[in-house]
């Protein structure tokens, strides 16, 4: 089970990297991937493996900006507000978990 799961994670990283490293598809795929990941931010923390995958995919998206700055910076500007809101949700969930642990 663990091997299959790790293989799937690696597969999705390779697929994402392939689209993000291609100048023809990078900006469009980065936009789609960021929107997908932002929709999943509230889920982060509930599943460690899935959260790790999401973080790795975010890292790939941000890395694509250094490859194709002109095309991909616009995608980040458009989604910056939503990223900030998502970050706040994650911080609130972490704080709630810490508070719950202190009450035990």
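Key figures for this structure:
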{"read-out": "Evaluation of residue 33 against (1) surrounded by fewer than 16 Cβ atoms within 10 Å (Cβ to Cβ); (2) part of a helix (DSSP H, G or I) (one fails), failing number", "value": "(1)"}
{"read-out": "Count - residues of region 1-22 that are within 14 Å of residue 60 (Cα to Cα) and touching a residue at least 40 places away in the same chain (Cβ under 8 Å)", "value": "7"}
{"read-out": "Members of region 1-30 that are over 28 Å from residue 70 (Cβ atoms), surrounded by 11 or more Cβ atoms within 10 Å (Cβ to Cβ) and more than 15 Å from the chain's Cα centre (by Cα)", "value": "5, 6, 8"}
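Each value in this text was obtained by applying a stated rule to the coordinates, not by laboratory testing. If you're wondering where the values come from, they're calculated on a predicted model, not measured in any experiment. Counting neighbours? That spans all protein chains shown, and the Cβs are built from the backbone with ideal geometry, glycine included.
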